[in-house]
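The values are calculated or read from the model by the stated rules, or taken from the named source; none is laboratory data. The shown structure was predicted, so the numbers you read here are calculated from the model rather than taken from an experiment. Here Cβ is always computed from backbone atoms with ideal geometry, including for glycine, and neighbour counts include all displayed protein chains. Areas reflect the complete protein model, heavy atoms only, side chains present, ligands, DNA and RNA absent. Shrake-Rupley method; radii C 1.70, N 1.55, O 1.52, S 1.80 Å.
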Amino acid sequence: MQPLLHAAFASSEELVASTHFIIYSRSYCHLCEDMLNALQTFQSAYNFSVAMVDVDADAGLLQRYDELVPVLQGWHGEQVPEQLCHYFLDAEKVEQFLQRGC
């Protein structure tokens, strides 16, 4: 079963971004919305795409991330995604990650 994927940003610039994030989340999760809002603050300085994936829609994701939601993963281009933080956005770590992609 494919996980439910929700594109949080969908401008044409973001569709060609080479830096990408996934927030593993669930419905009615205020921490997930908080993480998304905190990540959005970087949009003025960096070009990236972000999608939210509902862990409850996929048994494998639920088993892996259930107690950690929200979980933020990021990657540049064709790199393997790396987990950057969970529960709350680690702004310093995200900033460092974004700077590596420039």
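Points to keep in mind about this one:
- Here TYR24 does not fit the description of being surrounded by 18 or more Cβ atoms within 10 Å (Cβ to Cβ), in a helix (DSSP H, G or I) and free of Cβ contacts under 8 Å to residues at least 60 places away in the same chain.
- Residues in the range 69-80 that are on the phi < 0 side of the Ramachandran plot and in contact (Cβ under 8 Å) with a residue 40 or more places away in the chain were compared, and the one that is most open to solvent (accessible area, probe 1.4 Å) is TRP75.
- Here GLY74 meets each of (1) closer than 11 Å to PHE21 by Cβ; (2) in a helix (DSSP H, G or I); (3) among the small types (Gly, Ala, Ser) with one exception, condition (2).
- Residue ID - surrounded by the most Cβ atoms within 10 Å (Cβ to Cβ), chosen from residues in the range 44-60 that are of a type in the set (S, T, N, Q) and out of contact with any Phe, Trp or Tyr (no Cβ under 7 Å at 6 or more places or on another chain): ASN47
- Flag for VAL53 being in a helix (DSSP H, G or I) and under 12 Å from the mean Cα position of the chain (by Cα): no
- The residues in the range 36-55 that are in contact (Cβ under 8 Å) with a residue 40 or more places away in the chain and within 22 Å of ARG26 (Cβ to Cβ) can be counted, and the count is 9.
- Taking the criterion of being under 14 Å from the mean Cα position of the chain (by Cα), open to solvent by 30 Å² or more (accessible area, probe 1.4 Å) and of a type in the set (A, V, I, L, M, F, W, C), the residues of the range 81-102 that qualify are PHE88, LEU89, ALA91.
- Condition met for THR19 (surrounded by fewer than 18 Cβ atoms within 10 Å (Cβ to Cβ) and under 14 Å from the mean Cα position of the chain (by Cα)): no
- Residue tally, condition aliphatic (A, V, I, L, M) and in contact with a helix residue (DSSP H, G or I) (Cβ under 7 Å, 6 or more places away or on another chain), over the range 54-89: 8
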